[in-house]
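The values are calculated or read from the model by the stated rules, or taken from the named source; none is laboratory data. Quick caveat: nothing in here was measured; it's all calculated off a predicted structure. Here the Cβ positions follow ideal geometry from the backbone for every residue, glycine too, while neighbour counts run over all protein chains shown. SASA here: full protein model, heavy atoms, side chains in, ligands and nucleic acids out. Shrake-Rupley method; radii C 1.70, N 1.55, O 1.52, S 1.80 Å.
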Amino acid sequence: MLFVLGNTTAIAQEVQERTMTVQELAESLQKNNIQLKIANTSVKVADARIEEVKTNRLPDISTDVSAFYLSDVTIYDTGFKKLQKVDLPNFGNQFNVKANQLLFAGGKINKSIALAELSKNLSENQLINTEQTMKLNGIELYLNLYNLQNQKSILENNKNLASKRTQNTKFFYEQNMITKNEMLRAQVLERQLEQSILQVQNAIDITNKNLTLLTGLDENILIIPTIDNIKHNIRKQDEQFYRQIAFTKNPQLNASDMQIAIAEKNFELTQTDRIPVLAAFAGYNANRPQTSGTPIDLYSNTYQVGLSLSYNIGSVYKNSKKEAVDKIVIDQAAQQKEAVRQQIESDVNTAYKNYHQAIQQREVSIINQEAASENYRITELKYKNQLVTYIEIIDAANTKLQAELQVLDDQTNIILNYVRLLRVTGEL
């Protein structure tokens, strides 16, 4: 039983590989990411607050009912000598209903509703921004994982070549064709590649863990990224074209517009405090017993209907200070929008330039890779014929390895900078 239990646990914890496209990654993010769930909830909260503010249009109605025991009245003189006892009806009750309806307050309720709607728009905009940010973070991890897994493959291929070289040097050393130093150098290079593979594998584990957390996947899944279906060709427009798209669609810039609108609406609300408030009211009262005059155990019913006009005189000298603060907040929101606009312009420039640089670098890197592979082939052949030293074959192997890794980095950077350009233009 212990053997079966242990075996079942081991199977349950076994890492399962799962090939995932970037589209599937986005779908998993949309469904499972905790930050997106929080942003969605914020939109729901903002929507509920609109309905809450709208209830201020409805009349305020209150009622109270009471039942009580009323004692008889005992009359004393100034020396507290009992003079008389008056019998009263001892059981009584009261019933009151009041209603108030705001008629005019300078549009305060409508402005409050408009402010709540602006807050909802801001929450929706922040949801879009969070979604774009999470997609960018996810794709960056996704491409990093792709890069690391391919790095590992390249390193393993080079380690296999290094192992063959180590066997060759051992054979040459036993034949007294090379020195022990050359054999030791071959062994050191092989072990260095083993260390690099271990480091890359550790980075793969960490990156995969972060990606599964971000996408809400099981931690025992090893994601295998594929970039074959990622289209990453920039249309033949200049940087100005993408900058204009960013100024129109970037959610951070749209959020800045919402912040300015909210600040302006708060200023309008502050101004309404200077306006008198007109309200209608109505009430109904019923109580017993009657104790005015001769006590009688009967109900006394009354009702009232009217208008009330109130004005906060303090607003004459207090509101100017509040309005001054609101104006500064409006200016601050406008300044923040300009700061966001400048940052967007910088981000567009960086992503656009880096994308084209990565394309140019990849063209050169492919040529270098082909040359480095051919150089390694020739050098290895010469080494087998004892025409070059082992130092030269090590240099050729390192050059070949670096060229292969550079091609991989350039390919990843092309996609990464394209994705960053989509993010800053609000189209990711």
**Prompt:** Here is a list of conditions, (1) basic (Lys, Arg); (2) crowded, with 20+ Cβ neighbours inside 10 Å; (3) more than 46 Å from the chain's Cα centre (by Cα), and Arg420 meets all of them except one; can you say which number that is?
**Reply:** (3)
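Residue check: is Tyr352 in a helix (DSSP H, G or I), at pLDDT 85 or above and either within 21 Å of Phe267 (Cβ to Cβ) or not hydrophobic (A, V, I, L, M, F, W, C) (or both)?
So Tyr352 passes the test.
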**Item:** Matching residues in the stretch 53-94 - criterion: being open to solvent by 100 Å² or more (accessible area, probe 1.4 Å), touching a residue at least 12 places away in the same chain (Cβ under 8 Å) and of a type in the set (D, E, K, R)
**Value:** Arg57, Asp60, Lys85, Asp87
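Would you mind finding the one in Gly293, Gly306 that is under 30 Å from Lys98 (Cα atoms), modelled with pLDDT of 90 or more and surrounded by fewer than 13 Cβ atoms within 10 Å (Cβ to Cβ)? Outline the logic, then answer.
On the way: Gly293 fails: modelled with pLDDT of 90 or more.
Criteria check complete, one pass: Gly306.
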**Asked** Of the residues that make up the stretch 326-349, is at least one among the hydrophobic types (A, V, I, L, M, F, W, C), under 30 Å from Ala261 (Cα atoms), in a helix (DSSP H, G or I) and touching an Asp or Glu at 6+ places or on another chain (Cβ under 8 Å)?
**Response** yes
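Somewhere in the stretch 159-173, is a residue of a type outside the set (A, V, I, L, M) and over 26 Å from Gln386 (Cα atoms)? Full working, then the answer.
Pass one, the stretch 159-173, residues of a type outside the set (A, V, I, L, M): 159-160, 163-173.
Those left that are additionally over 26 Å from Gln386 (Cα atoms): none.
Within the stretch 159-173, not a single residue is of a type outside the set (A, V, I, L, M) and over 26 Å from Gln386 (Cα atoms).
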**Asked** Has the stretch 358-371 got any residue that is hydroxyl-bearing (Ser, Thr, Tyr), at pLDDT 90 or above and touching a helix residue (DSSP H, G or I) at 6+ places or on another chain (Cβ under 9 Å)?
**Response** yes
**Fill in**
If you go through Ile230, Ile223, Ile275, the only one that is in contact with a Gly (Cβ under 8 Å, 6 or more places away or on another chain) and either open to solvent by less than 30 Å² (accessible area, probe 1.4 Å) or assigned to a loop (DSSP other than H, G, I, E, B) (or both) is Ile275
**Item:** Verdict on Lys249 being among the basic types (Lys, Arg) and closer than 30 Å to Arg57 by Cβ
**Value:** no
